[in-house]
Amino acid sequence: MTTVTRFAPSPTGYIHVGNLRTALMNYLIARKAGGQFILRLDDTDQERSKQEYADAIMRDLEWLGLAWDRLERQSARLDRYREEAGALKAKGRFYECFESPAELDLKRKKLRNMGRPPVYDRTSLTLSVEEKAKLRAEGREGYWRFLLDQERIEWPDGIIGPVSIDAASVSDPVLIRADGQVLYTFASSVDDIDMGVTHIVRGADHVTNTATQIQIMRAMGGAPPAFAHHSLLTGAQGEELSKRLGTLSLRDLRARGVEPMALLSLMARLGSSRPVVLASSLEELIEGFELGSFGTAPTKFDAEDLFPLTRSLVQGMPFDMVAARIAALGVPAEKAEIFWRVAKDNITVLDDLAGWWSLFRDGAEPMVEDEDRDFVTQALALLPPRPWTTATWGEWTATVKAATGRKGKGLFMPLRKALTGRAHGPEMADVMPLLEQVRGLCP
RNA sequence: GGCCCGUUCGUCUAUCGGUUAGGACGUCAGGUUUUCAACCUGAAAAGAGGGGUUCGACUCCCCUACGGGCUGCCA
């Protein structure tokens, strides 16, 4: 049997690192097994689902190189859900209910106050045909629940291990709303069976859903896939991640200059017992992926961890990979390669190149300590005429050394600061030929 | 409130009754480098708390604390 996995986001917002973790795991499992990876847009919620978000999700996945073999949309399968709902009604596994949301809420509160689990009491299950007709005549709209078998539902979870959930502690799930909208729990079950999904990895927040969905799938006559539930991500301080999702969307990380492989390398290993190493390709991640190596405790995620990875990735890039980008900055072709060589060791993200280029082109505001003012003024007067080469720095500093008697760090550092405006940066010998302006000292 | 899961260096984790509690990232210190980075060497750094069981507990059991999840006509 070929392995089939899916990533099933709901296009009601931008996807974030938590979603990516789910998507990546499913992708890696499919690829490792030579199977199929489905992107399924769970868009049954017509009001909240937006094409804009669907497009953004696909753009994010494409950016990361997570190619899907098949694209599905739940909104195109509504007839199929209706058909299956009919079959389950015929089997007696769907029953119509008439409580209003307010009534259900009240029931839950009562049970809670009594210290009991807020499980639906199945009042509507015993309604007679006449009673239902009467309720409809009163203007009540029916909604549909799935009748759970009161048994322990068990499955061997790919991450958590053996899971056992007592169906009696769970309410019969509502699968069709009074307005006819098919709910996720049902649509997803139908899809997973119809599409031949064999493995589902998703967040631990779905564990209870899995229990009910296993029963739904079986009631349909289908074989439930293998399930695995990964721990949820929390913020670096252990805070709820949802509070920070705005800054952890993939589009935001992309805008901050995070490189795809840096992000993928972290997400494929974070929370597992395997070390995070910068992978050079998806193939490498596929090779080293092991679902069983993931722990079950909530995992702290710190977006700052992405930048060291991005930096080492960027610094290893060959010139032709960045040539177009450097040209776009306005760097003349004859200087482009040396500019890259000089700047790459001093950047974290590629966007940092712009800062170095403007520094070289326009010069920097000199950084001069008070005690170095006279020295720097004297040194600047000794700058050799252009054109400058890689030899210029050596010649100039030798001249300055002879004229002032300074040497070592006391000689070089003030000059570096005066020319580049900062204490850190590339080899000065390499900087000189690129430096088109030297700003004078303010009096 | 009820139910479920979890808690080992700062972080991600290994250990499946007997270990100097290991690794990776980060941090710090030396070395190298005119600076930074990189690299090399080294160091600091952990079993939430309390009870049991046992010759012996990070490991098994119970309690507490803390964290997370579920408890929707959301996904």
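The values are calculated or read from the model by the stated rules, or taken from the named source; none is laboratory data. These numbers come from a predicted model, not from an experiment. Methodologically, a virtual Cβ is constructed for each residue, glycine included, from the backbone with ideal geometry; neighbour enumeration extends over all protein chains shown.
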### Task
Just give me the residues in the range A:364-379 being touching a residue at least 60 places away in the same chain (Cβ under 8 Å) and over 14 Å from A:L415 (Cβ atoms), in sequence order.
A:E365
### Message
Going through A:I160, A:I165 one at a time, which residue ends up being more than 20 Å from A:E99 (Cβ to Cβ), touching a residue at least 60 places away in the same chain (Cβ under 8 Å) and either within 10 Å of RNA strand B (Cβ to nearest atom) or small (G, A, S) (or both)?
### Response
A:I160
### Message
Suppose we filter the range A:118-141 for residues that are part of a helix (DSSP H, G or I), within 16 Å of RNA strand B (Cβ to nearest atom) and among the β-branched types (V, I, T); how many remain?
### Response
1
## Note on the structure
For A:A167, the lone unmet condition from (1) touching a helix residue (DSSP H, G or I) at 6+ places or on another chain (Cβ under 6 Å); (2) farther than 30 Å from A:G34 by Cβ is (1)
### Task
Return the residue satisfying two criteria in turn: it lies in the range A:173-213 and is among the small types (G, A, S) and closer than 14 Å to A:H229 by Cα, and of such residues it is nearest to RNA strand B (Cβ to nearest atom).
A:A204
### Query
Restricting attention to the range A:98-112, which residues are under 37 Å from the mean Cα position of the chain (by Cα) and within 6 Å of RNA strand B (Cβ to nearest atom)?
A:P101, A:L104, A:R108, A:R112
### Message
As an exercise: evaluate A:K89 against (1) part of a helix (DSSP H, G or I); (2) away from RNA strand B (no atom under 16 Å from the Cβ); (3) in contact with a Leu (Cβ under 9 Å, 6 or more places away or on another chain) and give the number of the one condition it does not meet.
### Response
(3)
### Task
Hey, can you tell me all the residues within the range A:214-232 that are among the hydrophobic types (A, V, I, L, M, F, W, C) and more than 9 Å from RNA strand B (Cβ to nearest atom)?
A:I214, A:I216, A:M217, A:A219, A:M220, A:A223, A:A226, A:F227, A:A228
## Note on the structure
Residue pairs qualifying under the 8 Å Cβ cut-off, at least six apart or on distinct chains, with the first in the range A:111-132 being within 18 Å of A:F94 (Cβ to Cβ) and modelled with pLDDT under 90 and the second being of a type in the set (S, T, N, Q) and within 14 Å of RNA strand B (Cβ to nearest atom), are none
### Query
Would it be correct to say that A:P225 is within 29 Å of the chain's Cα centre (by Cα) and farther than 19 Å from A:N19 by Cβ?
yes
#### Entry: the range A:1-38, residues that are surrounded by fewer than 21 Cβ atoms within 10 Å (Cβ to Cβ) and of a type in the set (F, W, Y)
A:Y14
### Message
Looking for something in a helix (DSSP H, G or I), farther than 20 Å from A:H229 by Cβ and either of a type in the set (K, R) or under 39 Å from the mean Cα position of the chain (by Cα) (or both) - is there at least one such residue anywhere in the range A:149-158?
### Response
no
### Task
For the range A:267-280, state whether one or more residues are closer than 23 Å to A:G13 by Cα, assigned to a helix (DSSP H, G or I) and at pLDDT below 85.
no
### Message
Quick check on my filter: what residues within the range A:400-443 are assigned to a helix (DSSP H, G or I), more than 12 Å from RNA strand B (Cβ to nearest atom) and under 13 Å from A:F375 (Cβ atoms)?
### Response
A:A403, A:T404, A:A418
### Task
Scan the range A:263-315 residue by residue and report those that are within 7 Å of RNA strand B (Cβ to nearest atom) and within 18 Å of A:L66 (Cβ to Cβ).
A:R269, A:L270
